[in-house]
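What follows is one structure encoded as structure tokens, with my remarks underneath.
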Ligand SMILES: Nc1ncnc2c1ncn2[C@@H]1O[C@H](COP(=O)(O)OP(=O)(O)OP(=O)(O)O)[C@@H](O)[C@H]1O
Ligand SMILES: [Mg+2]
């Protein structure tokens with residue numbers, strides 16, 4: 001495996017769903033150890049984009065390469081972990097302890113029939129890393145939203161994947177849990193050279209944590225360091241929309257937007273949508 005290759009190269013991909021192009025001509029390159037955040041409006045194609053990167057959806061045009069290989073190929077399959085948008089919404093009927101859930105993550109083609117001792121270490125380590133040791137034997141359904149989210153992340157960590165793809169892992173978490181989770185993820189990048197691609201509506205959190213931000217709506221419209229992320233007005237012009245207030249700002253709108261909402265939510269709409 002060539003070490004000088006970028007971890008991820010998305011080259012000009014077009015992705016169709018139901019025969020309709022959802023992503024068009026989108027490109028992205030990531031190096032190992034980077035933390036890249038993807039933001040964009042609802043329906044902008046963020047989940048579609050990451051699913052194409054994972055190889056769950058096929059590209060209509062262009063290509064995706066992970067360390068030079070096709071996604072889902074034998075060479076890369078164990079090195080990528082996906083925490084999906086609904087991952088923490090585990091069915092209530094499933095009774096699993098935190099430890100059992102994390103153990104599922106450590107299973108792979110090689111260990112499925114023959115659990116190994118080192119696997120058990122990996123499970124303990126992952127539980128420890130997300131700070132859930134005290135509740136390791138508790139039913140997942142009895143955890144708080146933040147703890148459940150961390151349990152799902154521990155499952156991804158136990159797989160020993162070095163590329164983590166997370167789709168909206170912050171939804172439903174309070175501010176303190178968000179901060180804990182973001183710090184944890186940032187630590188993985190710096191201390192363990194893990195690579196993280198994370199979709200989130202929480203642009204404020206992403207600005208503070210990600211090393212690079214992507215604004216995705218049908219295609220990549222911005223890709224750069226958080227301090228250069230476009231302003232409200234620039235973003236509106238990227239999307240070709242106009243200020244609906246014609247420059248007059250109404251009090252009720254301001255009142256609506258003061259409460260824990262990113263200013264972007266006012267004009268871009270839906271960009272921050274927490275539940
Ligand atoms: N299975 C599907 N078949 C056809 N179209 C789909 C399918 N899933 C999603 N789409 C469409 O693809 C577009 C992009 O959806 P996607 O879920 O990628 O957006 P998103 O940016 O992740 O949105 P959200 O912020 O709500 O999660 C939407 O217009 C959606 O209706
Ligand atoms: Mg989505």
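Out of all the residues in the stretch 10-24, is one or more under 19 Å from residue 201 (Cβ atoms) and not in a loop (DSSP other than H, G, I, E, B)? Within the stretch 10-24 (the criterion being under 19 Å from residue 201 (Cβ atoms) and not in a loop (DSSP other than H, G, I, E, B)), the answer is yes, since at least one residue qualifies.
The test for being modelled with pLDDT under 85, in contact with a strand residue (DSSP E or B) (Cβ under 7 Å, 6 or more places away or on another chain) and either under 25 Å from residue 32 (Cβ atoms) or surrounded by fewer than 18 Cβ atoms within 10 Å (Cβ to Cβ) (or both) does not hold for residue 120. When you scan the stretch 25-51, how many residues do you find that are outside any loop (DSSP other than H, G, I, E, B), within 15 Å of ligand 1 (Cβ to nearest atom) and over 12 Å from residue 62 (Cβ atoms)? Total meeting the criteria: 8. Pairing each residue of the stretch 38-51 that is farther than 18 Å from residue 209 by Cα with any residue that is more than 8 Å from ligand 1 (Cβ to nearest atom) and part of a loop (DSSP other than H, G, I, E, B), provided the two are 6+ apart or on different chains, yields C-beta distances under 7 Å for 41/269; 41/271; 44/218; 45/218; 48/57; 51/57.
The values are calculated or read from the model by the stated rules, or taken from the named source; none is laboratory data. It should be emphasised that the depicted structure is a prediction, and the values quoted were computed from it without experimental measurement. Heads up, the Cβs are rebuilt from the backbone with ideal geometry, glycines too, and the neighbour counts pull from every protein chain shown.
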